[in-house]
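Only one structure is covered here, and it is reproduced in the block below.
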Amino acid sequence: MKIGIADTMFARADMGGLAVKTIAEHNPKIKVERYTVPGIKDLPVAAKKLIEERHCDIVLAFGMAGKMPIDQQCAHEASLGIIAVQLLTNKHVLGVFVHEIEAKDDAELKEIMRDRTIKHSLNAISLIARPDSLTQNVGKAKRQGSDDAGYFALD
Amino acid sequence: MKIGIADTMFARADMGGLAVKTIAEHNPKIKVERYTVPGIKDLPVAAKKLIEERHCDIVLAFGMAGKMPIDQQCAHEASLGIIAVQLLTNKHVLGVFVHEIEAKDDAELKEIMRDRTIKHSLNAISLIARPDSLTQNVGKAKRQGSDDAGYFALD
Amino acid sequence: MKIGIADTMFARADMGGLAVKTIAEHNPKIKVERYTVPGIKDLPVAAKKLIEERHCDIVLAFGMAGKMPIDQQCAHEASLGIIAVQLLTNKHVLGVFVHEIEAKDDAELKEIMRDRTIKHSLNAISLIARPDSLTQNVGKAKRQGSDDAGYFALD
Amino acid sequence: MKIGIADTMFARADMGGLAVKTIAEHNPKIKVERYTVPGIKDLPVAAKKLIEERHCDIVLAFGMAGKMPIDQQCAHEASLGIIAVQLLTNKHVLGVFVHEIEAKDDAELKEIMRDRTIKHSLNAISLIARPDSLTQNVGKAKRQGSDDAGYFALD
Amino acid sequence: MKIGIADTMFARADMGGLAVKTIAEHNPKIKVERYTVPGIKDLPVAAKKLIEERHCDIVLAFGMAGKMPIDQQCAHEASLGIIAVQLLTNKHVLGVFVHEIEAKDDAELKEIMRDRTIKHSLNAISLIARPDSLTQNVGKAKRQGSDDAGYFALD
């Protein structure tokens with residue numbers, strides 16, 4: 001099993017590096033391929049190349065969006081590209097995007113990045129291990145980047 | 001006949017589970033395949049995999065969008081992806097999305113989720129049974145998640 | 001020649017039925033295939049299936065958008081899907097969408113739906129009869145759903 | 001060499017006709033194929049059919065957007081479709097769109113339409129003649145629909 | 001190795017020319033192919049033709065967006081097209097877009113254009129030389145068009 005990690009020079013912290021560490025701690029048998037690009041809009045093709053040229057089974061795409069409206073638009077475009085990659089390859093690409101406007105300061109931004117990176121790294125490990133592995137948590141209001149929200153039964 | 005159910009850990013209630021129950025009650029001969037992913041943007045590829053790898057004839061894609069603008073954007077991106085899946089496979093994927101901002105509190109949110117899930121599960125059963133089955137209700141202002149709206153004749 | 005009609009249970013009136021009637025009155029030799037889906041976002045795949053599985057030469061896709069911002073977004077997504085269907089099939093799919101916010105009351109909404117449905121049904125008949133049939137009206141400010149606007153010469 | 005002209009009944013003036021005249025005056029050897037559709041969202045498939053079915057080397061797609069927000073959205077959808085056509089065919093489709101809100105009155109609207117139509121017709125002639133023909137004007141702030149803007153050197 | 005340069009007549013300065021110069025100074029062995037189009041929405045197909053018809057290994061796509069909302073929308077559409085080109089070719093196309101609203105005057109605009117052009121030209125050289133070349137700068141808050149932002153560790 002091989003997990004691809006696509007990340008950017010633009011981001012203000014090394015989420016991909018933390019993902020490499022997290023994966024190694026949880027399952028050292030999983031191979032990792034890493035690909036760094038300039039910014040968030042370069043991630044879709046990086047993810048596709050990791051799948052098609054480096055034979056990854058799943059990709060984690062780490063991006064950060066700055067504070068300006070144009071940054072939000074870039075993240076939107078990148079997200080659409082990441083969905084397209086998945087439909088072209090039938091592989092998951094988990095978009096792990098952090099928006100600077102989510103946090104009031106760098107300390108909070110760091111916690112969001114840490115939490116989101118670790119949880120999605122574990123999601124990737126689960127998804128390639130068994131495709132039904134996440135069903136035990138369905139509808140449980142799971143959040144990456146913060147505590148989970150509240151959930152309720154539909155009876 | 002086989003119905004795929006794609007759902008998320010992000011959602012605050014288990015709509016997919018209610019769909020499984022609804023389908024079993026209405027037609028126990030229909031097989032169900034289930035696939036749970038982290039969030040709404042992961043649903044398009046899940047739907048495509050349910051169709052192409054698990055041979056589903058139709059898919060119900062259950063997603064919930066949170067209260068922030070970024071959540072609305074994610075739902076928009078997921079909806080575009082779901083349309084793309086349908087055009088690539090010529091199969092229906094019914095997007096069953098609930099937005100937290102639709103409801104004033106959790107009690108109302110729960111009712112929306114229940115109603116929308118049940119009605120769209122029945123729509124899926126109808127669509128795979130006979131492609132012309134819904135024409136009897138054309139232009140009847142059918143709503144999922146609330147009572148139907150009013151309709152009128154065009155004479 | 002065969003015209004496909006895709007329409008929805010969501011719409012508050014039966015535009016597809018009026019289209020069937022209009023086509024029969026103008027050219028009873030044209031065959032009609034009809035496909036009803038739950039809502040506007042289900043129209044793109046319905047149009048594609050009408051073209052590829054039921055061999056329609058052109059499709060009229062009737063949709064209605066409700067009053068909420070989410071409804072406008074759904075119409076936008078459906079429109080993008082309809083454009084994609086056309087590029088994948090090289091056939092016209094005329095999107096005949098009515099937005100509730102276009103009208104001040106149901107009486108006006110009904111007139112918009114009637115006018116737009118009839119005029120686009122005639123456009124479909126013209127387009128499949130002769131691809132150059134609409135050039136006589138080029139730049140004439142033709143409107144569907146209201147009176148035409150004013151036009152002027154470019155000399 | 002053959003230039004396709006796609007235009008609409010919706011537009012308030014006949015830009016396609018002016019393009020035919022402009023091309024004939026500048027190079028009478030260039031063949032022209034014309035295709036008129038109802039509105040701006042029908043232009044992408046018209047452009048694709050002009051390229052694939054009528055063998056055009058380049059297409060000019062003339063559209064007009066009305067004054068309402070929905071008109072802006074239609075132009076946006078059409079523009080995305082036109083980009084998709086180009087990527088599917090590896091041919092240029094120059095979108096020549098005029099928005100009513102660009103002009104304060106019909107006299108100004110007419111001047112914009114004239115100027116933009118003529119200049120883009122000449123751009124099309126240049127692009128199919130020699131792919132490097134426009135490089136002499138790179139970074140020169142060329143505008144279609146108004147006077148050029150100011151440009152500066154990057155030293 | 002060959003770098004494609006796609007640029008526009010619309011831009012108010014010759015970014016493509018500065019890229020040619022920058023590439024020649026850093027690695028004179030790299031070949032350059034240049035393609036100039038009218039505006040930003042014509043860049044995606046230009047990039048695709050540079051890759052598929054002129055065999056470029058990577059493309060720099062230089063575009064400028066004017067001050068009006070419609071200009072922002074054009075840049076958005078072009079960005080989506082550039083992502084699509086990359087997914088269709090598995091090659092990088094670095095979108096080097098400058099928005100007039102980024103700068104308070106032409107002097108600042110010029111500096112943004114210079115800095116962004118030079119840095120992304122170097123990024124292109126790095127990416128085709130070694131795909132892992134940018135990983136040394138991952139998460140370092142690299143910016144093109146301004147000084148880098150601040151970065152922090154995720155421990």
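What follows draws every value from the coordinates through simple rules; no lab data is involved. Because the structure is a prediction, the values reported are computed rather than measured. Neighbour counts run over all protein chains shown; Cβ positions are idealised from the backbone, glycine included.
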task: Run through the other copies and list how far each one's label point is from that of A:Ala24, in nm with one decimal, shortest first; the point sits 7 Å from Cα along Cα-Cβ.
output: 4.5, 4.5, 7.3, 7.3
query: Inter-copy label distances at C:Gln136, 7 Å along the Cα→beta-carbon direction, one decimal in nm, shortest first?
result: 4.4, 4.4, 7.2, 7.2
- prompt: Counting pairs of alpha carbon atoms under 8 Å apart in space and at least six apart in sequence, what relative contact order in percent does region B:19-74 give?
  reply: 26
- prompt: Mean Kyte-Doolittle of at least -0.5 and a Cα length of 27 Å or more along the axis: which whole DSSP H helices of chain D meet both?
  reply: D:69-89, D:106-129
- prompt: In chain B, what residue has the beta-carbon at the shortest distance from the axis of the rotation relating B to C, and what is that distance in angstrom, rounded to the whole number?
  reply: B:Leu80, 6
message: If I stretch the segment between E:Asn90 and E:Asp105 completely, what's the gain in nm (0.36 nm per residue apart, minus their alpha carbon distance), one decimal?
response: 1.6 nm
task: Go through E:Ala129, E:Phe97, E:Met64 and say which Cα lies farthest out towards the positive end of the charge dipole of region E:2-137; charges sit on Cβ, +1 for Lys and Arg, -1 for Asp and Glu.
output: E:Ala129
task: Please find the FRET efficiency linking C:Asp132 to D:His26, where r is the Cβ-Cβ separation and R0 is fixed at 30 Å, and quote it to the nearest 0.05.
output: 0.80
- request: Post the alpha-carbon centroid distance, region E:138-154 to region D:60-96, in whole angstrom.
  value: 36
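If Lys and Arg each add +1 and Asp and Glu each add -1, what is the summed charge of the other residues whose beta carbon sits under 10 Å from the beta carbon of A:Gln86?
Surrounding charge for A:Gln86 is +4.
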field: Ranked list, fewest to most other Cβ atoms within 10 Å of each Cβ, for E:Lys142, D:Lys48
entry: E:Lys142, D:Lys48
- prompt: Counting alpha carbon pairs within less than 8 Å and at least 6 residues apart, what relative contact order, in whole percent, applies to chain E?
  reply: 23
statement: For the table A:Lys49/D:Lys142; A:Lys110/B:Lys67; A:Lys49/B:Lys31; D:Lys2/D:Lys142, the rows whose alpha-carbon distance is greater than 27 Å are A:Lys49/D:Lys142; A:Lys49/B:Lys31
- prompt: Label-to-label distances across copies for B:Asp105, with labels 7 Å out along Cα→Cβ, in nm, shortest first?
  reply: 3.6, 3.7, 5.9, 5.9
query: What ranking of C:Leu127, D:Leu60, D:Leu134 emerges when the number of other C-beta atoms within 10 Å of each C-beta is taken as an exposure proxy, fewest first?
result: D:Leu134, C:Leu127, D:Leu60
task: Determine the dipole magnitude for the protein assembly as shown: charges of +1 sit on the beta-carbon of Lys and Arg, -1 on that of Asp and Glu, nothing else is charged, the reference point is the Cα centre, and the result goes in debye to the nearest 20.
output: 2260
task: Compute the separation of the alpha-carbon centres of region D:1-51 and region D:117-135 and state it in Å as a whole number.
output: 15
message: Under a Cβ-only charge scheme (Lys and Arg +1, Asp and Glu -1), can you give me the dipole magnitude of chain A about the Cα centre, in debye to the nearest 20?
response: 480
- prompt: Between A:Arg54 and E:Lys2, what is the spin-label point distance in nm, taking each point 7 Å from the Cα along the Cα→C-beta axis?
  reply: 2.7
- line: Computed, not fitted: 222 nm per-residue ellipticity of chain A from DSSP H runs ≥ 4 (each -39500 (n - 2.57)), nearest 500, equal to -14500 deg cm²/dmol
